[in-house]
Amino acid sequence: MRALKKITLTLYVSLLSTFSIASGSPEAVRFSDGIYNKAQAKSGKKLYKKHCLSCHEKGYFEPVFLAWQGESAGTLYEVMSAAMPESSPGSLSTDEYADIFAYVLKEIGYPSSTATLDPDSEAFSKIIIRPPG
Ligand code: HEC
């Protein structure tokens, strides 16, 4: 009797976890879905040149995103917008930081779409950083 109860419980728990994985993942947004548009990346390129390039060469972000794997996009955005540019932290507008983030995504190889990257949106903040592809 005891053994049966244990088996039933194990089954139940594994069903539960299967269910939550199945219902949770299709809705989760990923960078590889295309979360920024080309206009943002273009504007971001100019802003990056002006505010970031002096300290961070073009290839800087690839290893940064690798190191940040598993963390949320929201956290990386917060670090970036609150602490950068180091010479004048937090001095750009939300739109400007968003455009720079879009440009960085493009440089790393994430696709664009017609979407607008909005750092204040819940969907963005919940994205988990993963390599492109
Ligand atoms: C005056 C130099 C300077 C400028 C300009 C600058 N940064 Fe930085 N940045 C640094 C330093 C120094 C660090 C910390 C050391 C490191 O990780 O290279 C850093 C770290 C970062 C990090 C965190 C990396 C990590 O692994 O945690 C991000 C993201 C970042 N910078 C983005 C930017 C962006 C975007 C801009 C332009 C808006 C910018 N930085 C402008 C000097 C600068």
Checklist entry - Order of 51, 56 from fewest to most other C-beta atoms within 10 Å? => result 56, 51
Checklist outcome for this item: For segment 45-74 the trypsin sites (Lys or Arg not before Pro) that pass both the DSSP coil test and the at-most-16 other-Cβ-within-10 Å test are none
Item to check | Global form of segment 29-125, assessed from the alpha-carbon gyration tensor, a/c cut-off 1.5 | outcome: rounded
Checklist entry - Hey, got a sec? Which GluC sites (Glu not before Pro) in segment 73-110 land in a DSSP loop and have at most 12 other Cβ atoms within 10 Å? => result 86
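All of the numbers you see were taken from the coordinates with simple rules; none came from a lab. Since this is a predicted model, take the numbers as computed values, not measurements. Ideal geometry is used to build each Cβ from the backbone, glycine not excepted, and the neighbour counts take in all protein chains shown.
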